[in-house]
Each structure stands twice: as structure tokens, then as C-alpha cells.
1. Quick check for me: using +1 on Lys/Arg Cβ and -1 on Asp/Glu Cβ, what's the dipole size of the stretch 36-307 about its Cα centre, in debye to the nearest 20?
2. Can you give me the long-range amide H partners of Val167? Hydrogens built in the peptide plane at 1.01 Å from N, cutoff under 5 Å, separation of 5 or more residues or another chain.
3. Note down the relative contact order for the chain as a percent, whole number, built from C-alpha pairs under 8 angstrom at least six residues apart.
4. Going by C-beta contacts inside 10 Å, put Trp263, Trp212 in order with the fewest on the left.
5. Could you give each residue of the stretch 287-298 its phi-based ³J(HN,Hα) in whole Hz, using Karplus coefficients 6.51, -1.76, 1.60 with θ = phi - 60°, and x for Gly or Pro?
6. Which one of Asn294, Tyr216, Gly39 is farthest out on the positive end of the charge dipole of the chain, using unit charges on Cβ (Lys, Arg +1; Asp, Glu -1) and the Cα centre as origin?
7. Could you list which residues have their amide H under 5 Å from that of Arg252, counting only those 5 or more apart in sequence or on another chain, with H placed in the peptide plane?
8. Can you sort Glu138, Glu77, Glu190, Glu272 by how many other beta carbons sit within 10 Å, fewest first?
Amino acid sequence: MNPAIQGLYFFTRFARSFSRLGYDKRARKWPKQIFDFSGQHWLVTGASGGIGRAIVHQAAACGAQVTAAARSSGKLEQLTAESEFPERIKAAQADLSLMSGIDELAAWLGSVGTPVDVLVNNVGVLLNDYATTAEGMEASFATNLLNHYRLTETLVADDMLDPNATVINMSSGGMYNAPLAVDSLNPGPERYDGVMAYARHKRAQVELTRYWNEAYGDRGMRFYVMHPGWVDTQGVKTSLPGFRKLFKSVLRSHQQGADTALWLAMNRPACEPNEGIWLDRERQTEHVFSHTRNPAHTAQDLVNYLDSF
């Protein structure tokens, strides 16, 4: 199928569910619930804008002490200044596209000494043009996937995740278009397609979440993968201007995109073997197209590949 036609079909198929229309319809059925995260330590990556920013503000408002990790010190200062509870937010400047930046963040958390009760692996980028990090890796792969794996595994190994921790991985509905393809996660410039790279990273997050539940679930930790629907973030404005122009009137707010992460952290629903992906407080299927159901690679292949870095 022509990529343009395929893209149009994808967007029109999911417009009602992933847009604000789907959120409003589901939210009408939710019972009222007060979120209380008092006594918890949260770590939110990609915290300086969009959904991450909304999660930080709302978690702090509900009593959590939040470590907000992002690259820009200026944006982190603004994030803290605009909170109703600035004393509950601790800024952690870190370039999460760099493995050295992740290691520095983990070391700093270790020096603080307070285990993380809720980890939100939120940072992510969709880059239309090929770029590499200072460490020589394709930038979106390093940010969207390798970063999440390295940070989470380091916190587990260093006992910096509470034994009953909740880990929430922020994926995207774009993953529905991509099977797990380990050999395409870190492409060179000649094969690079920003939208497809992003979709493949987000599919890999789903497989990684299942792996973590199997590996660490018996310790009491719970791992979830969710997508926030179509949210009007700066990333959408920059990377998908045509999409935003078409759907701007029904894109979700940052707070609506953050809602499921807060709900998962509060309620900690059971993690079933076939985990699925969470949207608007409901577990949804991982697959809607047949071409994603029988990939050539497994979750263990993915982990082996990420370990190679």
C-alpha cells in the first residue's frame, strides 16, 4: 500500500478513539477517585514539557516527592516555579540521549538514597532527519528505547527501585503499525525514516514491558506500557505539522494524556501474561494489524540487542 494512503487510513481509523473524543467518552464512565501519592518518590523522565510536565505537576499535587529529569535546566526551573508545590519537586538535569547521562542520573539518585516508588519512562522524540548522539548512536533510538532500558535496569541492579515499584513506559499508538524488528531499531542514515523509527521503538517498549514483568514481577514490581492518545505536544507541533493541522481541534490536553499514568500508579491493576497496552484506564490489544502478530524477533532477542550496547 502507498505510504501516504496507509498513513491516512491509520489516522482516520483511530481518530475517534485516540483523540479527545475517545477520552471524553470513556471519562464519563469513570468513578470519582482521589489520587494520593503521599510518601512516594517518583522519577519522571522527559519532565520539562508536555505529558511529562503534566505528570510531575499532578503527582506532586497528590503528595508525591518527584524527581523531574530533563536536559534543559531552564525548563526545569520553570517547571518547578510554576508548580503549586515546588518543595515537592527536585530537578535533575540530564541528557537522556547519552548513556553517560543516564549513568550520572542513576549515580545521583543513589547518592540521594531514596528508592523510587514510581518510575515513568516518558522521554521520547520523533526526529524527521537522521541525527546521532555524541556517543555515535542514532538519536531517537538512544532516547526512545535504549535510555529506558538502561535506566530501568540500572535502578533495578542498584536496588534503587522499591521492591513494590510501579514502572510506566510511555508508548504511542503509532506502534500499531510496526512489528518488533530488532535489526531496524538503530538504522543508518541510508535507511532512516523518522516516523517508522519512532513506531518501531514504541513497539519495542511493549515487548520490553512484558519481559520486565516476567523477569521482575515476582519481586512485587509491576510494569505497564501505555499510550496517551493524540496529545497536542510540542513534539507533535514540530515533527508532525500536517497531522496537527488536520486534527488540532480534537487533540488531547497534556493533562488528559497524563491521566492513565496517574491512574495506573494509584490502582496498580494486575499484570497479565499478555500485557496489552493501556489507553484511558483500559487494557487494549497490542495488535490491530495482522503483519505485527508474528515478528521475526522475540523479546529476548530485543533484550540481547539492547545489552550489546
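Quick note: the coordinates plus some simple rules give every number you see, no bench work behind them. Keep in mind it's a predicted model, so treat the numbers as computed, not measured. Here Cβ is always computed from backbone atoms with ideal geometry, including for glycine, and neighbour counts include all displayed protein chains.
1. On the way: 22 positive and 31 negative charges, 184 e Å.
So the magnitude is around 880 debye.
2. When sequence neighbours closer than 5 places are left aside, the close amide H contacts are Leu119, Arg222, Phe223, Tyr224.
3. Values: 537 pairs, mean separation 58.6, N = 309.
RCO, the chain: 19 percent.
4. Values: Trp263 18, Trp212 25.
So the ranking, lowest neighbour count to highest, is Trp263, Trp212.
5. 10, 10, 10, 5, 6, 9, 7, 10, x, 6, 10, 10
6. About the Cα centre, the residue reaching furthest to the positive side is Asn294.
7. Arg20, Trp230, Val231, Asp232
8. Values: Glu138 22, Glu77 13, Glu190 6, Glu272 10.
So the ranking, lowest neighbour count to highest, is Glu190, Glu272, Glu77, Glu138.
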